[in-house]
Amino acid sequence: MATIELRDVTKDFGGVQVIHGANLSIEDNEFVVFVGPSGCGKSTLLRLLSGLEELSSGEIHIDGERVDHLPPARRGLAMVFQSYALYPHMTVFQNMSYALKVAKKSKQEIEAKVHAAAEILQLTELLDRKPKALSGGQRQRVAIGRAIVRDPKVFLFDEPLSNLDAKLRVQMRIELTNLHQQLQSTMIYVTHDQVEAMTMADKIVVMRNGHIEQVGAPLELFNKPVNKFVAGFIGSPA
Ligand code: ADP
Ligand code: MG
């Protein structure tokens with residue numbers, strides 16, 4: 001669980017500003033979805049949060065502590081990517097335990113954490129397989145399992161379902177929503193898919209061209225969009 005605050009966060013790449021003064025508060029245990037067209041800055045905002053990119057200006061606070069100067073490993077976050085980024089030569093168990101091994105956790109702790117996460121994700125029978133022997137949905141679950149074993153305060157998901165077929169996407173949406181309820185952790189989820197945003201979010205952050213256009217619950221955005229862009233994007237007339 002964690003609260004997050006972004007204060008006037010900006011990011012430039014080579015003199016071009018791609019995030020323009022983002023302000024945002026995220027509550028404990030919220031499922032927050034960043035949504036907007038391709039190139040609007042969703043991944044960049046997530047990478048700024050995780051520490052994979054440095055801010056050009058502004059501040060990020062997690063649970064009241066300023067973290068924007070801390071390295072990724074000290075922010076208590078775990079990121080799940082669209083590409084899964086699994087280690088192909090390692091088994092599911094090894095993929096899921098790798099970060100814990102690097103952190104020098106005991107063998108017992110590693111076993112316990114991996115088995116608990118595998119149980120949640122229905123991977124128990126697959127722990128000895130290599131990624132190439134898994135379906136797309138199973139690979140995605142392993143990527144999520146690698147995040148769960150680290151007990152992060154916050155999960156960051158960057159378009160985690162976009163490589164899956166439509167049917168599996170629907171199933172994984174439900175699974176992720178269940179996971180959120182089970183783990184009671186703050187989750188930030190990036191997508192360009194309005195349906196995902198509307199069905200999964202407690203709170204939606206609509207972005208366009210590096211600006212946050214509106215923040216609100218799905219119904220609030222649907223009923224009271226602040227402008228034509230949000231109305232068009234979320235799907236009700238302004
Ligand atoms: P989204 O995830 O919403 O599709 P991104 O955050 O990936 O958007 O990109 C936002 C903008 O920042 C785009 O114009 C993109 O080209 C630019 N951008 C992202 N990463 C870099 C980078 N490493 N160097 C230069 N420009 C970048
Ligand atoms: Mg992106």
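Please treat every number below as a calculation from the coordinates, not as lab data. In this text, all values refer to a predicted model and were calculated from it rather than measured experimentally. Heads up, the Cβs are rebuilt from the backbone with ideal geometry, glycines too, and the neighbour counts pull from every protein chain shown.
See the values below:
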| item | result |
| --- | --- |
| Ordering of 81-87, 2-8 by packing [mean C-beta count within 10 Å, highest first] | 2-8, 81-87 |
| Farthest positive-ward along the chain dipole, Cα basis, beta-carbon charges - from 126, 168, 67 | 126 |
| Cα→Cβ-extended label distance, 7 Å offset, between residue 73 and residue 61, nm | 2.8 |
| Projected-area mean, the stretch 120-201, by convex hull of Cα positions, square nanometres | 5.4 |
| Mean separation of Cα contacts under 8 Å (6+ apart) over length of the chain, as relative contact order % | 28 |
| Listed residues 176, 70, 121, most fluctuating in the chain (Gaussian network, C-alpha, under 10 Å) | 70 |
| The stretch 1-88: radius of gyration over Cα atoms, expressed as a fraction of 2.2 N^0.38 Å | 1.10 |
| Nearest 10 degrees, 0 to 90: helix 92-102 Cα axis against the chain principal axis | 80 |
| Packing-based order for 15-24, 157-166, using average beta carbon neighbours within 10 Å, highest first | 157-166, 15-24 |
| Student exercise, the chain dipole from Lys, Arg, Asp, Glu Cβ charges, in Debye to nearest 20 | 740 |
| Neighbour-count ranking [beta-carbon atoms within 10 angstrom, fewest first] of 90, 79 | 90, 79 |
| Cα-derived Rg to Rh of the chain, Kirkwood definition | 0.97 |
| Antiparallel %, DSSP beta bridges [both residues in the chain], to 5 | 50 |
| Degrees between helix 107-120 axis and first principal axis of the chain (Cα, 0 to 90, nearest 10) | 60 |
| Selected from 153, 228, 203 as most flexible by GNM, with the chain as the system and alpha-carbon contacts under 10 Å | 228 |
| Around residue 25: net Lys/Arg minus Asp/Glu count, Cβ-Cβ under 12 Å | -2 |
| By average C-beta atoms within 10 angstrom, highest first, the peptides 93-101, 40-48 | 40-48, 93-101 |
| Between 0 and 90°, nearest 10: helix 166-183 axis offset from the chain longest Cα axis | 80 |
